[in-house]
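What follows is a set of notes on a single structure, which appears directly below.
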Amino acid sequence: MERHSSARPRIPLIAGNWKMYKTSAEGAAFIDDLAARVRGVTGRDIVVAPPFTGLAGAVRAAAGRGIQVAAQDVYWEDEGAFTGEVSPGMLTDLGVTCVIIGHSERRQIFGETDEDVRKKVHAALHHGLLPIMCVGETEAEREAGQTEEVLARQLAHGLVTLQSEDAGRMAVAYEPIWAIGTGKTATPEIAQQAIGFIRRQLAEGAGEAAAESVRILYGGSVRPDNIDELMAQPDIDGVLVGGASLKADSFARIVAFEAG
Ligand code: PGA
């Protein structure tokens, strides 16, 4: 399978968030399968995010195969009495290169705040991990016409300490909460509109150059049958995939998107 992306300003990033699925052995077997399926697919970064217990096995399985491994969360301190937490240095020591931060499940189920997200993004950047910072509105907020206000708040808090030179080393994932795990994907137009807004906010906060270099992903019920139209949008630089990243055949098809 040989595919080349067209002249895009940013390298597309396709990330699979496994959430609390897959043992270490299952994750390694998945990576073997995926690597065989995407051999020859070029011009995109491929990332899988296993649970903490699967990170070491995933890094070993992914070595030399053009697949990077992300954690699903990180704490901001280097070490200390923080039972249950994992530091950025512990992740880089394993060979992990990226980390998802502020996923809506962490915000909603575990009470993560915009301030927690800011500290985690800052710590990840400081340790050379690529943060994938998640933002997105609830269904009620969208219906009340508050989408842009919510996104602006999450971005302003999360990235208040962002230096413009860091923008190329991070990604933002727009994940409308009403689209996550529901099968209700945002239309490509809705996703493009929100992501275009996010890029303009970044331009205001961190400058044009930063806004042009940050990769902005869409997440929420991405599937093999909607990936191509999503990736055809000018501001969508990749996707964060939950359910459809758990099977190697569907994730491989998403990785091998064709953007028209
Ligand atoms: P989904 O999850 O693809 O299953 O909707 C996306 C996510 O939570 O990142």
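The values are calculated or read from the model by the stated rules, or taken from the named source; none is laboratory data. Since the structure is predicted, the reported quantities are computational estimates derived from the model, not experimental observations. Note that each Cβ is placed from the backbone with ideal geometry, even for glycine, and that neighbours are counted across all protein chains shown. With ligands, DNA and RNA removed, areas are computed over all heavy atoms of the protein, side chains included. Shrake-Rupley method; radii C 1.70, N 1.55, O 1.52, S 1.80 Å.
The table that follows gives values for the structure above.
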item: Table column - 3J(HN,Hα) (Hz), the range 185-194, Karplus curve with 6.51, -1.76, 1.60, x for Gly and Pro; result: 6, 5, 5, x, 5, 5, 5, 4, 4, 5
item: The range 160-250 - Rg and Dmax from Cα coordinates, angstrom; result: 13.6, 40
item: Portion, in percent, of the accessible area of the range 147-218 that falls on carbon or sulfur, probe 1.4 Å; result: 52
item: Cα-Cα P(r), the range 13-255, percent of pairs per 10 Å interval; result: 8, 34, 38, 18, 1
item: Placed amide H near L13: partners under 5 Å, 5+ positions off or other chain; result: D45, G238, V239
item: Under Karplus coefficients 6.51, -1.76 and 1.60, residue-wise ³J(HN,Hα) of the range 75-86 in Hz, glycine/proline x; result: 9, 8, 7, 6, 6, x, 7, 10, 3, x, 9, 10
item: Rounded accessible area per residue of the range 117-156, 1.4 Å, Å²; result: 41
item: Computed magnitude of the charge dipole of the range 14-150 (debye, nearest 20; Cβ of K, R +1, Cβ of D, E -1); result: 800
item: In order through the range 36-50: 3J(HN,Hα) via Karplus (6.51 cos²θ - 1.76 cosθ + 1.60), integer Hz, x for Gly, Pro; result: 5, 6, 9, 4, x, 7, 10, x, 7, 8, 10, 9, 10, 10, x
item: Among the listed pairs K119/K247; K120/K247; K119/K184; K184/K247, those beyond 23 Å (Cα-Cα); result: K119/K247; K120/K247; K119/K184
item: Cα centre as origin, Lys/Arg/Asp/Glu Cβ charges: the chain dipole, Debye; result: 740
item: Built amide H within the under 5 Å cut-off of V172, gap 5+; result: M133, R215, I216, L217
item: Estimated 222 nm signal from helices in the chain, with DSSP H stretches of n ≥ 4 weighted -39500 (n - 2.57), rounded to 500; result: -11500 deg cm²/dmol
item: Rounded accessible area per residue of the range 1-73, 1.4 Å, Å²; result: 47
item: Which of M20, M90 is most accessible, then next, and so on - probe 1.4 Å; result: M20, M90
